[in-house]
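What follows is a set of notes on a single structure, which appears directly below.
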Amino acid sequence: MEKEEEIMLQIKDTLVTLDIAEKYFLCDLDKCLGECCIEGDAGAPITREEYDRLKQLTQVVWDDLLPAARERIAECGVGYIDEEGDLVTQIVDGRNCVFTTYGEDGKCLCAIEKAYREGRCDFRKPISCYLYPLRLTEYPTFTAVNYHRWKICKCAEVLGRAKGVRLYEFMREPLIERFGREWYDELCDACKAYLEEYGD
């Protein structure tokens with residue numbers, strides 16, 4: 001098969017963008033300041049189970065939340081159905097997820113993940129956030145895994161290339177959490193075979 005005809009990698013019941021092998025990626029929070037968590041016109045996609053979990057964890061992270069976020073949660077809950085019919089987290093000020101918090105250095109942080117890292121809860125964050133910049137689209141018979149490329153993550157591509165870290169390598173832990181170790185090992189083999197044949 002010619003390279004231009006091979007548009008996706010098939011791993012079990014998923015179709016994965018070739019970007020996952022071709023692109024370099026390593027988050028550079030010192031430069032982007034976590035901007036991906038606050039840019040956009042809707043909150044983070046969540047499942048019904050994650051919605052329930054976030055409700056339970058609200059009190060754990062309450063003191064870390066922005067005042068406007070506390071008001072929104074108190075009035076409207078942690079999530080809503082957006083214009084496309086998807087369940088997403090609430091946002092405030094037209095951009096901040098209600099679980100956004102900020103460090104003294106101005107970096108945007110996820111209050112849920114902050115609590116997880118501090119041992120205050122056992123839930124890291126919604127899987128859509130953990131998988132970012134990869135986005136999943138569910139179809140009746142397969143799941144598509146695509147790379148959301150935009151200017152905010154340009155510094156991550158630059159740092160990834162400098163450090164020699166491919167996107168599939170950077171996303172190891174979230175991909176294993178979502179699809180399992182066997183799936184990820186198969187992905188690694190497919191990416192390495194693809195790169196051996198086509199290189200950069």
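Please report the carbon-and-sulfur percent of the accessible area for the range 99-154; probe 1.4 Å, protein heavy atoms only, DNA, RNA and ligands left out.
The nonpolar share, carbon plus sulfur, comes to 51 percent.
Report which label in [x] 63; [y] 26; [z] 35 holds the value of percent of Cα pairs over 27 Å apart derived from the coordinates of this structure.
Given [x] 63; [y] 26; [z] 35, the calculated one carries the label [z].
With a 1.4 Å probe and all protein chains left in place, how much accessible area per residue does the chain have, in Å²?
That works out to 57 Å² per residue.
Ignoring ligands, DNA and RNA, how do 8, 171 rank by accessible area with a 1.4 Å probe, largest first?
8, 171
Only sites in a loop by DSSP and with at most 11 other Cβ atoms within 10 Å count here; which GluC sites (Glu not before Pro) in the range 57-121 make the cut?
83, 84, 104, 118
Per the helix-only calculation at 222 nm, which mean residue ellipticity applies to the chain, given -39500 (n - 2.57) for every DSSP H run of n ≥ 4 and division by its residues, nearest 500 deg cm²/dmol?
Helix contribution divided over all residues of the chain: -11500 deg cm²/dmol.
Sequence gap at least 6, Cα distance under 8 Å: using those rules, report the relative contact order of the range 58-120 to the nearest whole percent.
Reported as a whole number, the value is 31 percent.
If exposed means no more than 16 neighbouring beta carbons inside 10 Å and the site is in a DSSP loop, what's the longest run of the chain without any exposed trypsin sites (Lys or Arg not before Pro)?
Formally, the longest exposed-site-free interval is 13-94.
Under the definition of Cα pairs under 8 Å and six or more residues apart, what whole-number percent is the relative contact order of the chain?
Reported relative contact order: 33 percent.
Only Cα pairs under 8 Å and at least 6 apart count here; give the relative contact order of the range 17-95 as a rounded whole percent.
Rounded, it is 38 percent for the range 17-95.
How far is it, in nm, from the label point at residue 192 to the one at residue 55 when both lie 7 Å from their Cα along the line to the Cβ?
4.6 nm
The values are calculated or read from the model by the stated rules, or taken from the named source; none is laboratory data. If you're wondering where the values come from, they're calculated on a predicted model, not measured in any experiment. Backbone-built Cβ (ideal geometry, glycine too); neighbour counts: all protein chains shown. The accessibility values were calculated without ligands, DNA or RNA, using every heavy atom of the protein model including side chains. Shrake-Rupley method; radii C 1.70, N 1.55, O 1.52, S 1.80 Å.
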